[in-house]
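Asks: What follows is a structure written as C-alpha cells; I'll ask about it next.
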Amino acid sequence: MDADAVIFEVYALRPADFTGARDAYVARARREKDTAAAATIGGLRRPTWPCGP
C-alpha cells in the first residue's frame, strides 16, 4: 500500500469523514500484512480545519 497516497487522500476529505477513511485504510493495510503502512496511517491525526475542497 502506498501510504503517501493514502495520506494525501484522507487529508483531502472533510474532517468529519477523515476518521472512518483512515480506519478503513488501516484495516486494509493490516489485512495485507503491511504493518509499516498500518502504523503510519494509524498515526495520522484528524484535522481540525477543513483542508480539502
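Asks: From 36, 29, 21, 5, grab the single residue that is in contact with a helix residue (DSSP H, G or I) (Cβ under 8 Å, 6 or more places away or on another chain) and loosely packed, with under 14 Cβ neighbours inside 10 Å.
Replies: 36
Asks: Any residue in the stretch 28-41 that is free of Cβ contacts under 8 Å to residues at least 40 places away in the same chain and over 16 Å from residue 4 (Cβ atoms) sitting within a Cβ distance under 6 Å of a residue that is of a type in the set (Gly, Ala, Ser) and open to solvent by less than 70 Å² (accessible area, probe 1.4 Å)? List the pairs, counting only those 6 or more apart or interchain.
Replies: From the stretch 28-41, the pairs are 30/38.
Asks: Need pairs with beta-carbon distance below 7 Å; first residue over 11 Å from residue 38 (Cα atoms) and touching a residue at least 24 places away in the same chain (Cβ under 8 Å) and within the stretch 1-25, second open to solvent by 50 Å² or more (accessible area, probe 1.4 Å) and assigned to a loop (DSSP other than H, G, I, E, B); sequence gap 6+ or separate chains.
Replies: 11/51; 12/51; 14/50; 15/46; 15/48; 15/50; 18/46; 19/46
Asks: Residue 35: of a type in the set (S, T, N, Q), at pLDDT 95 or above and under 9 Å from the mean Cα position of the chain (by Cα), yes or no?
Replies: In short, no.
Asks: Can you list the helices (runs of 4 or more DSSP H) found entirely within the chain that contain at least 1 residues being touching a Gly at 6+ places or on another chain (Cβ under 8 Å)? Show your work before the answer.
Replies: On the way: elements: 3-11, 15-31, 35-42.
Of the helices (runs of 4 or more DSSP H) lying wholly inside the chain, those with at least 1 residues that are touching a Gly at 6+ places or on another chain (Cβ under 8 Å) span 3-11, 15-31.
Asks: Restricting the search to the stretch 39-53, which residues are open to solvent by 40 Å² or more (accessible area, probe 1.4 Å) and modelled with pLDDT under 95?
Replies: Those that are open to solvent by 40 Å² or more (accessible area, probe 1.4 Å) and modelled with pLDDT under 95: 45, 46, 48, 49, 50, 51, 53.
The values are calculated or read from the model by the stated rules, or taken from the named source; none is laboratory data. Values in this document were obtained by computation on a predicted structure and should not be read as measured data. Here Cβ is always computed from backbone atoms with ideal geometry, including for glycine, and neighbour counts include all displayed protein chains. Heads up: the accessible areas ignore ligands, DNA and RNA and are worked out on the full protein's heavy atoms, side chains in. Shrake-Rupley method; radii C 1.70, N 1.55, O 1.52, S 1.80 Å.
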